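Below: one structure, written as structure tokens.
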Amino acid sequence: MATPDLSKLQQILASAEDNEAVLNQIRKNMTKVNELISEISTMLEPGYTVEKKERKPRAVSSTGKRPGRPKKEVSAQ
């Protein structure tokens with residue numbers, strides 16, 4: 001009869017927990033893949049037309065300055 005080895009049992013339990021976490025991550029990724037495949041199949045249908053996205057015009061700044069980093073000032077030496 002095999003002698004009870006506590007460290008081996010702990011190692012088995014730890015690897016089972018790791019495997020469960022990996023399986024959960026795979027399940028989440030598979031749902032995303034299924035959603036993307038259904039989106040692609042919708043796009044490949046013969047009557048599919050692209051919907052144009054309406055863009056809003058840029059907001060005009062009240063200060064008159066453009067966005068971004070200000071230019072460095074070069075001092076005359």
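We did not get these values from a lab; they are worked out from the coordinates using the rules stated. Computed from a prediction, not measured in an experiment: that's the story for all the values here. Cβ atoms come from the backbone with ideal geometry, glycine included; neighbour counts cover every protein chain shown.
Hey, rough spin-label estimate for ASN19 and TYR48, points 7 angstrom out along Cα→Cβ, what's it come to in nanometres?
3.9 nm
Fully extended, how many nm does the chain gain between LYS8 and LYS72 (0.36 nm per residue separation, minus their Cα-Cα distance)?
Values: separation 64, 0.36 × 64 = 23.04 nm, distance 6.48 nm.
Going from the current span to full extension adds 16.6 nm.
Compute, for the range 16-77, the length of the dipole vector about the Cα centre, with Cβ point charges of +1 (Lys, Arg) and -1 (Asp, Glu) only. Units Debye, rounded to 20.
On the way: 13 positive and 9 negative charges, 200 e Å.
Once rounded to the nearest 20, the dipole reads 960 debye.
Here are labelled values, (1) 56, 34, 10; (2) 19, 16, 9; (3) 75, 10, 4, and one is the computed semi-axes √(5λ) of the Cα gyration tensor in Å for what I pasted. Which one?
Checked against the structure: label (1).
For helix 6-43, report the angle its Cα long axis makes with the longest principal axis of the Cα atoms of the chain; keep it between 0 and 90° and round to the nearest 10°.
The angle comes out near 40 degrees.
Can you give the FRET efficiency to the nearest 0.05 for LYS32 and LYS56, using r as the Cβ-Cβ distance and R₀ = 22 Å? Working shown, then result.
Numbers: r = 29 Å, r/R0 = 1.32.
The pair LYS32/LYS56 has a calculated efficiency of 0.15.
Pick out, from LEU6, ALA16, MET43, the residue whose Cα sits farthest towards the positive end of the charge dipole of the range 1-61, with +1 on the Cβ of Lys and Arg and -1 on the Cβ of Asp and Glu.
MET43
To make sure I understand the rule: partners must be lysines, Cα under 27 Å from the Cα of LYS53, and not fewer than 8 residues away in the same chain. Which ones qualify?
Output for LYS53: LYS32.
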